[in-house]
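Each remark here refers to the structure printed beneath this line.
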């Protein structure tokens, strides 16, 4: 593949600078759990950094279904097949891809137990489990309820379920989205989803309404989204903030009803985005704290709770960095460089990381937020003066460029991670 | 790859330095690169350019 400017900017200065002497201790074993943007990138970067490393990627699924651009699938603009990626390229590079679940982690003996009962030993373990849901945190919303009121916050069957429910809804129906409190995967995601569902309704079912019930008063790229909604979807899309009673306090899946302190909303299609925590394996490894997420060292992404275990991607507490595929990919590169350095008994270099998140408010209307991050006082902090959102007053061609760049970013990052 | 973003691997390091400095100052128009380039010092830009030039 070609390396684009954007792909390169996800790489770390550390990766740029480390040399490649022979390993002192021979064939070090690194195990990566989770084959999403964080885990697959990390496995690849480790194997490339040191061909002598024995890198094992443990992933439960035969393929990965990507979340970025899955809102376009929900809106009927894109097939789900465009979201699916296999691990053949990783296998071709010498990585052992084991399709199984990690059932237990023994940090003292440095062993991972798999679903089939076998164990895999490691010198360094990288956990990239993404998110799990806090089932039951919202009364009425459990795994069974997600069939009636899909979350569609892990891409795959849930994405198709929400798409099919929208497709089956008659014109004039009411769609309700419940957006969670911070922190959660993909901060602009609920609002991109609202935008693209509004686009679907406007073009296919124009008598319908969309209500976003929010547990927050502020959200990512808020002014840009709201300006676009006013311009593109007036009277169709209504956002109800926390202060205006938007926080959903319970749901009834049998009637597709969402209840707030002030009202109850009966929906024809309900999308409930639940509260989240680090993926299960982080919990069983003892790498998650009382918040449910994983505290890490910002230079190495090593767990602050479990030496020898690193955590990257959505599961990590990464300071100012959002939980995004771009951030996961960048963190994975930094982590791989740090793990390689540690296994060579070399000091890891302090990294600088980038994130860029594009959102589509319509197919030809993109907006973005970007940030640059570095370790300050043990946390990843914004580099002052850098980053920010697209201009509020940009002309249509600027929005069209950003929509094109969004699609190009997806092609690039998925090629880099899986291709 | 089908992308509107130019490939930069193996590019002349002077070109990369000039582009990044132009993005950073705003002299070179961009959508997102200006926001990103502001996060990097001259030394870091130089390191990035040298690394990219070595990739092929």
What number, in percent, do you get for the relative contact order of segment A:145-272 if the mean sequence gap of Cα pairs under 8 Å and at least 6 apart is divided by its residue count?
33
Need the full-extension length gain, residue A:284 to residue A:93, defined as separation in residues times 0.36 nm minus the C-alpha distance. One decimal, nm.
65.8 nm
In percent, what relative contact order does segment A:83-215 have, based on Cα pairs under 8 Å that are 6 or more apart in sequence?
15
Orientation-averaged projected area, Cα convex hull of segment A:124-173 (nm²)
4.9
Taking A:249-256, A:290-297 and ranking on average Cβ neighbours within 10 Å, highest first, one gets A:290-297, A:249-256
Determine the relative contact order of chain A: mean sequence separation of Cα pairs under 8 Å and six or more apart, normalised by residue count, in whole percent.
21
Please report the spacing between the Cα centers of segment A:207-255 and segment A:100-169 in Å, no decimals.
27
When you look at the Cβ of every residue in B:25-38, what mean number of other chain Cβ atoms sits within 10 Å?
6
What percentages make up the Cα-Cα pair-distance distribution of segment A:99-188 when the bins are 10 Å wide from 0?
12, 31, 27, 20, 7, 2
Computed over all unlike Cα pairs, the Kirkwood hydrodynamic radius of segment A:81-132 in Å stands at 13.0
Out of A:211, A:58, A:284, a Gaussian network model of chain A with alpha-carbon springs under 10 Å gives the largest mean-square fluctuation to A:284
Averaged over residues of A:381-388, the number of beta carbons from other chains lying within 10 Å of each residue's Cβ is 4
If each of residue B:15 and residue A:157 carries a label point 7 Å out from its Cα toward its Cβ, how far apart are those two points in nm?
5.0
Segment A:142-212: C-alpha pair distances exceeding 17 Å, %:
44
Please compute one quarter of the surface area of the Cα convex hull for chain A and express it in square nanometres.
19.9
Per DSSP helix of 4 or more residues, -39500 (n - 2.57); summed, then divided by the residues of chain B. What does that give at 222 nm, rounded to the nearest 500?
-15500 deg cm²/dmol
Summing -39500 (n - 2.57) over every DSSP H run of at least 4 in chain A, dividing by its residue total and rounding to the nearest 500, the 222 nm mean residue ellipticity is -8500 deg cm²/dmol
In whole Å, largest first, the alpha carbons of segment A:360-419 cover along the principal axes 41, 37, 14
Compute the whole-percent fraction of alpha carbon pairs in segment A:54-110 spaced more than 12 Å apart.
73
Using a basic spin-label model with each label point 7 Å from the Cα along Cα→Cβ, how many nm lie between residue A:223 and residue A:364?
2.7
Descending Cα extents along the principal axes, segment B:13-53, whole Å
24, 17, 13
Within 10 Å of each Cβ in peptide B:2-12, how many partner chain Cβ atoms are there on average? Round it to a whole number, please.
6
Taking the highest mean first, how do the peptides A:152-158, A:274-280 order by number of other beta carbon atoms within 10 angstrom per residue?
A:274-280, A:152-158
Please report the base-10 log of the normalised intensity I(q)/I(0) for segment A:17-129, using a Debye sum with one equal scatterer per alpha carbon and no solvent, at each q in 0.10, 0.15, 0.20 (1/Å).
-0.34, -0.69, -1.05
Once you sort the root eigenvalues of the Cα gyration tensor of segment A:201-348 as a ≥ b ≥ c, which label holds: rounded (a/c under 1.5), prolate (a/b larger than b/c) or oblate (the other case)?
prolate
Quick one: grab the alpha carbon gyration tensor of segment A:184-233, order the square roots of its eigenvalues as a ≥ b ≥ c, and give me rounded if a/c is under 1.5, else prolate or oblate depending on whether a/b is larger than b/c.
prolate
Using alpha-carbon positions, what is the distance between the centroids of segment A:36-97 and segment A:356-386, in Å?
23
Once you sort the root eigenvalues of the Cα gyration tensor of segment A:145-272 as a ≥ b ≥ c, which label holds: rounded (a/c under 1.5), prolate (a/b larger than b/c) or oblate (the other case)?
rounded
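Where a number appears in this text, it was derived from the coordinates with a stated rule and is not lab data. Since this is a predicted model, take the numbers as computed values, not measurements. Methodologically, a virtual Cβ is constructed for each residue, glycine included, from the backbone with ideal geometry; neighbour enumeration extends over all protein chains shown.
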